[in-house]
Amino acid sequence: MKKRDFIKTLSLAALSTPFSVSALETWLQEFEYLPVDKLSSTEDFWLKIRQDYKLKPDYINLESGYYNIIPQQTLNGMIEHAKMVNYEGSYYMRTVQWDNKKRMTQKLAQVIGCTSKNVIITRNTTESLDMVIKGFPWKKGDEAIFAEQDYGAMKIMFEQVSKRFGMVNKIVSVPNHPKSDEEIVNLYANAITPNTKLLMVCHMINITGHILPIKKICQMAHKRGVQVMVDGAHCVGHFKFNIEDLGCDYYGSSLHKWLAVPLGTGLLYVNDKHIDTLWPIFAEFNREPGDISRLNHTGTHPVYHDLSIENAIDYYNMLGAERKESRLRYLQEYWSSQVRNHPNIIVNTPKESHRACGIANVGIKNMKPAEFAKRLMDDYKIFTVAIDYANVKGCRISPNVFTLTEELDVFVNALKEMAS
């Protein structure tokens, strides 16, 4: 069978009628007897879940990192919310808009393990973390520390506030394959001086999928009087964690990634003691001390996306956080374990299960990432994204719950053919 025909055959299931909520619940009940680790490799189960997604049949999509295609149930929910808001018009916007947003925030706080008084809904991680960077009470000579592997938008904001306030940026480089948590912790610890005020640290490095020991970094930094801002763009809905257990001061994430909320939804967590010290991006009316809504004056925006957070969370909870995390990690290790020892293939993501989940990065010796990505698409109909900076040269591979191992077999075969 030709590769294009193979892809279209796999996609036929995705063009079927998606599960109703009750049908999905029934399907999940049929597999309740299976332990999570066993279910992660049960292809029949995930083939059925795939039916909840309408997938383009022209290529294998291994680029879920930028934006997660949302299941049909969530998409239908968003459409109904848009119809309702359009039907009610200004009446909705002037009456229950804010009550509904608070309800979405409460459901979101339950997912990430904190109280809603510390969370606001934003448009994305960039907005969330740039609010912290720009709104931090900088003084001339203050220092910030971040890594060259961090996301570009936030690094640019640090450069801007450096020019504006005279603060100093110090940049470290995170190894792709650390020997221990302590190596990562010491990397940041050794860069701290008496002038250091803020660390920016990735929970999961977006270009490699490398999960960093955030709790240990926070404990180290706080002992030195330094605040920690965490970039968790790829973490909410990807793997389970508890923000309050991490002990960070700020946490930003994009909900349109692994929680599979429609585009333009994110969150910002702020610890109690910092809510009143940040300058908001948009000015807000006076609020009572400790009211995080002072940071959430966004103006008029598509509120039906906010309402869709509930639909996405309901789907996520129904599928099961442990099931999803286990499946994503299984898919990553399924393909990466087959090529890690190949002499011409370089996996830029740690092998240890606790240091990665669904995302990994792979390169081929003597082949530029852009050429690698182009050949994957042109010759094998596999869509990825090329990464070529810091110490990472390769393609980021991010399967999803709709990805099947048969598709990853095509990818592994492509890797080996190109590497030979």
Note on segment 76-313: contact order normalised by length, alpha-carbon pairs under 8 Å, 6 or more apart, percent, works out to 26
In nanometres, what is the gap between the two model label sites at residue 272 and residue 240, each 7 Å from Cα along Cα-to-Cβ?
2.7
Taking a straight Cα-to-Cα line shorter than 21 Å from residue 257, and setting aside same-chain lysines fewer than 8 residues away, one finds 54, 56, 101, 107, 155, 240, 324
Whole-Hz Karplus couplings 3J(HN,Hα) for segment 386-396, θ = phi - 60° and coefficients 6.51, -1.76, 1.60, Gly and Pro as x, run 7, 10, 8, 7, 6, 9, 10, 10, x, 10, 7
Env charge @ residue 213, Cβ radius under 13 Å, K,R +1 / D,E -1, value -1
Which far-off residues, 5 or more places away or on another chain, put their amide H under 5 Å from the one on residue 122, with H placed in the peptide plane?
266, 267, 268
Cα-centre dipole for segment 76-313 with unit charges at Cβ (Lys and Arg positive, Asp and Glu negative), debye to 20
260
Based only on other Cβ atoms within 10 Å, what is the fewest-to-most ordering of 69, 217?
69, 217
Expected unfolding gain across residue 365-residue 27 under the 0.36 nm per residue rule, minus the alpha-carbon gap, is 117.3 nm
Using +1 at the C-beta of Lys and Arg and -1 at the C-beta of Asp and Glu, which of 335, 239, 53 has the Cα lying farthest in the positive direction of the dipole of the chain?
335
For segment 76-313, share of DSSP beta bridges that run antiparallel, in % to the nearest 5:
40
Rank these for me by crowding, 31, 285, going from fewest to most other beta carbons within 10 Å.
285, 31
Would you work out the relative contact order for the chain, in percent, from Cα pairs under 8 angstrom that are 6 or more residues apart?
21
Assertion target for 53, 389, ordered by fewest C-beta neighbours within 10 angstrom first, is 389, 53
Can you tell which of 238, 342, 203 shows the greatest fluctuation in a Gaussian network model of the chain with Cα springs below 10 Å?
342
Residue among 166, 299, 290 with the largest mean-square fluctuation in a Gaussian network model of the chain, springs linking Cα atoms under 10 Å:
299
Where the centroid of each part is defined by its Cα atoms, how far is segment 188-228 from segment 54-126 in Å?
30
From Cα pairs below 8 angstrom and at least 6 apart in sequence, can you work out the relative contact order of segment 123-247, rounded to a whole percent?
25
Rounded to the nearest 0.05, what FRET efficiency is calculated for residue 285 and residue 88 with R0 set to 25 Å and r the Cβ-Cβ distance?
0.50
Run the numbers for residue 173 and residue 388: contour at 0.36 nm per residue of separation, minus the present Cα-Cα distance, in nm.
75.9 nm
Given that just one value was derived from the coordinates, which of (i) 34, 30, 18; (ii) 66, 19, 17; (iii) 45, 20, 18 is semi-axes √(5λ) of the Cα gyration tensor in Å?
(i)
If you restrict to DSSP beta bridges whose two residues both lie in the chain, what percentage is antiparallel, to the nearest 5?
50
Dipole in debye (nearest 20) - the chain, about Cα centre, beta carbon charges: Lys, Arg +1; Asp, Glu -1
860
What is the set of long-range amide H partners of residue 169 at a cut-off below 5 Å, with H atoms built 1.01 Å from backbone N?
144
Which of rounded, prolate or oblate describes segment 76-313 when judged by the alpha-carbon gyration tensor and an a/c cut-off of 1.5?
prolate
Over the chain: helical MRE at 222 nm, DSSP H runs n ≥ 4 each giving -39500 (n - 2.57), nearest 500:
-13000 deg cm²/dmol
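Coordinate-derived values only; no laboratory data. Since this is a predicted model, take the numbers as computed values, not measurements. All Cβ positions, even for glycine, are placed from backbone atoms using ideal geometry, and neighbour counts span all protein chains on display.
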